[in-house]
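The values are calculated or read from the model by the stated rules, or taken from the named source; none is laboratory data. Treat the numbers as computed from the prediction; the structure is a model and nothing was measured. Cβ placement follows ideal geometry from the backbone for every residue including glycine, while neighbour counts extend to all protein chains displayed.
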Amino acid sequence: MITCAEDTVGSLESRIAEKVGPQRFNVWFRNATKFTFTESYLRICAPNPFVGEWIERHFADVIREAATEVTGQLYTLSFAIDPALAKALGKKQPDRQVDFVANNPERLAREKRRNGSPSAAPKLKGTIEDFVVGPSNRLAHATAVGVIERPAVEYNPLFVHGGCGLGKTHLLQAICNGMVERNPDLRWRYVYGEEFTNDFVYATKARELGTFRERYRHLDLLVIDDVHYFANKRATQEAFLATFNAIESAGKQIVLASDAHPKMIGHLSDSLVSRFLAGMVVRIDSPEVGVRAEVLRRRAAKLQVDIGEPVIMHIAENFRANIRELEGALLKVVAHAQVSQQPITLPLAERAIRDLVRQTAPVVMLSDIETIVAIFFGLTPADLHTSRKSRTIALARGIAMYLARKHTDMSFPEIGRFMGNKNHSTVILASRRISKILQANESVRWLTPAGQKEQNLAILVGELEEQCGITRRVPDVNEPVPMPVLA
């Protein structure tokens, strides 16, 4: 039975609002999410990866509990990006999201402390057996197996980087599960960079740094996901450096992941960067069609649905950027078949994902671009969506818009809507400004916590393009991005 009626979704939203409170619901859910029920899955769509990942990380349990209370069934959650939702976001909603993230670490840590710090004991989701291996991730997979079999011997620290939804988190969790399986008495901890920061902030304010050190420094395995969250946080970096040194000197294993290479994380201390580079740094790229097809086959088996090879290949060939969008497309096809009570055929699949095929590819590319650009400048993608116009944010936003226009098929209005509902003329002017600086082969300046920084823009753009997986070349300053004439 399909429970996707409007009253069911409305009841779910009301229950979520009761659980998280009106402030958090208005910031993260109102106009920013779309829920769809299938027989066993609940699909949650968000307007951009930043909102989607925040909701997944902080509210997944709440959503699951609310869905069970409303429907009496237990659902598996699936998160996806629907750029059409960006049109419904309030003008100041991105600003409020950034403020919420920036101003609440102490409260989040206090809530976690009151509810009990997450235990390292429960088994994590990812396993090395479930990780689909291909040319794009073979080295990362091999080093992960090496860590499991020979911890702190060859790859310490292990630093995995790559775009969103490519399997970094899966691989980190697989390392934890693999090492615990070999040594049940292993002392280990898996946290996000945000959680480590929140723990440190709380310990500092509560004068419990001794407890903090005991929690993190006497481990056999420390795994930190999204380590780029440490950018711009000098005190947190110092605390992590001390933790890193204590674990490494004890001959224990450290594994880290980030959306960007260590050198491309803005405002990260030289001491941390040098330690990261002293270990093994591996990159995960966008999956090849064979990997994508195998992921779909395995997901279809878990869904217990019969999907023919033509449908598998149609989805695999049209969703190339990351695994998350691939799975979202599969779930939409399954839901469409269930609602229409028809078998899953190629024509049905083509109809079901026609809109996603048209929207997803350039949006995923833009999300990668803005993530890499934001991390380099020590910002978050949400900072680029705000109405703020500081020198650093304006420069980062302009570069992201320029690269989006250069490397995607998105129009100026589409880029503007995705990046916080900006007017198309804002995108045109920003792209034109970056293009002129490139033509003149000039440098750009921006502010960091340590003062003003300066770099040649052509070199900077080339480095950012390389991080985005774009073939690096010397920018041709004689061929700027085409610009329409403003009326």
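Worth pointing out:
- Sole exception among (1) in a loop (DSSP other than H, G, I, E, B); (2) within 24 Å of the chain's Cα centre (by Cα); (3) modelled with pLDDT of 85 or more; (4) not charged (D, E, K, R) for ALA321, by number: (3)
- Among (1) under 24 Å from the mean Cα position of the chain (by Cα); (2) at positive phi - the single one GLY21 does not satisfy: (1)
- Among the conditions (1) of a type outside the set (Gly, Ala, Ser); (2) more than 23 Å from the chain's Cα centre (by Cα); (3) within 18 Å of ILE265 (Cβ to Cβ), ARG217 misses just one, which is (3).
- Single match in ARG215, ARG234, ARG292 (criterion: basic (Lys, Arg) and closer than 21 Å to PRO151 by Cα): ARG215
- From the list SER387, SER367, the one residue that fits, being out of contact with any Ser or Thr (no Cβ under 9 Å at 6 or more places or on another chain) and closer than 21 Å to ASN322 by Cα, is SER367.
- Residue, farthest from the chain's Cα centre (by Cα), within the stretch 156-178, restricted to residues that are over 11 Å from VAL255 (Cβ atoms) and of a type in the set (S, T, N, Q): ASN177
- Residues of the stretch 422-459 classified as at pLDDT 90 or above and in a loop (DSSP other than H, G, I, E, B), total: 3
- Yes/no for ALA32 being within 24 Å of ASP259 (Cα to Cα), in contact (Cβ under 8 Å) with a residue 60 or more places away in the chain and assigned to a helix (DSSP H, G or I): no
- Condition check for ILE372: surrounded by 24 or more Cβ atoms within 10 Å (Cβ to Cβ), out of contact with any Lys or Arg (no Cβ under 6 Å at 6 or more places or on another chain) and assigned to a helix (DSSP H, G or I): yes
- Within the stretch 285-314, tally of residues that are free of Cβ contacts under 8 Å to residues at least 24 places away in the same chain and either touching a strand residue (DSSP E or B) at 6+ places or on another chain (Cβ under 7 Å) or outside any helix (DSSP H, G or I) (or both): 1
- Among the numbered conditions (1) within 22 Å of VAL227 (Cα to Cα); (2) part of a helix (DSSP H, G or I), the only one that LEU379 does not meet is (2).
- Which numbered condition THR76 fails, given (1) among the polar types (S, T, N, Q); (2) under 21 Å from the mean Cα position of the chain (by Cα); (3) surrounded by 20 or more Cβ atoms within 10 Å (Cβ to Cβ); (4) at pLDDT below 85: (3)
- Just one residue in the set PHE196, PHE159, PHE200 is within 25 Å of CYS468 (Cα to Cα) and hydrophobic (A, V, I, L, M, F, W, C); that residue is PHE159.
- Given (1) over 30 Å from PRO135 (Cα atoms); (2) crowded, with 22+ Cβ neighbours inside 10 Å; (3) out of contact with any Asp or Glu (no Cβ under 8 Å at 6 or more places or on another chain), index of the condition PRO184 fails: (2)
- Considering only residues in the stretch 411-421 that are in a loop (DSSP other than H, G, I, E, B) and touching a residue at least 40 places away in the same chain (Cβ under 8 Å), the one that is farthest from the chain's Cα centre (by Cα) turns out to be ASN421.
- Qualifying residue in the stretch 303-318 (condition: buried (at least 19 other Cβ atoms within 10 Å of the Cβ), touching a His at 6+ places or on another chain (Cβ under 8 Å) and hydrophobic (A, V, I, L, M, F, W, C)): no
Let's see how each residue does on (1) outside the structural domain of GLN304 (by TED's automatic domain parsing); (2) crowded, with 16+ Cβ neighbours inside 10 Å; (3) outside any helix (DSSP H, G or I):
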| site | (1), (2), (3) |
| --- | --- |
| GLN23 | yes, no, no |
| VAL27 | yes, yes, no |
| CYS45 | yes, yes, yes |
| GLY52 | yes, yes, no |
| ILE55 | yes, yes, no |
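- Within the stretch 284-293, the set of residues being crowded, with 19+ Cβ neighbours inside 10 Å and under 29 Å from ASN156 (Cβ atoms) comprises ILE284, SER286, PRO287, VAL291.
- Hey, ALA231 farther than 27 Å from GLU129 by Cα and crowded, with 22+ Cβ neighbours inside 10 Å or not: yes
- Here VAL281 fulfils each of the conditions (1) modelled with pLDDT of 95 or more; (2) of a type in the set (Val, Ile, Thr); (3) crowded, with 22+ Cβ neighbours inside 10 Å apart from (3).
- Identity of the residue in the stretch 164-212, among the charged types (D, E, K, R) and in a loop (DSSP other than H, G, I, E, B), that ends up farthest from VAL147 (Cα to Cα): ARG207
- Some residue of the stretch 392-404 being outside the structural domain of GLN97 (by TED's automatic domain parsing), farther than 15 Å from LEU464 by Cα, at pLDDT 90 or above and not polar (S, T, N, Q): yes
- Each residue in the stretch 234-260 was checked for being without any contact (Cβ under 8 Å) to a residue 60 or more places away in the chain and either in contact with a helix residue (DSSP H, G or I) (Cβ under 7 Å, 6 or more places away or on another chain) or surrounded by 17 or more Cβ atoms within 10 Å (Cβ to Cβ) (or both), and 8 of them qualify.
- Single condition ALA400 does not satisfy, out of (1) surrounded by fewer than 22 Cβ atoms within 10 Å (Cβ to Cβ); (2) in a helix (DSSP H, G or I); (3) under 21 Å from the mean Cα position of the chain (by Cα): (1)
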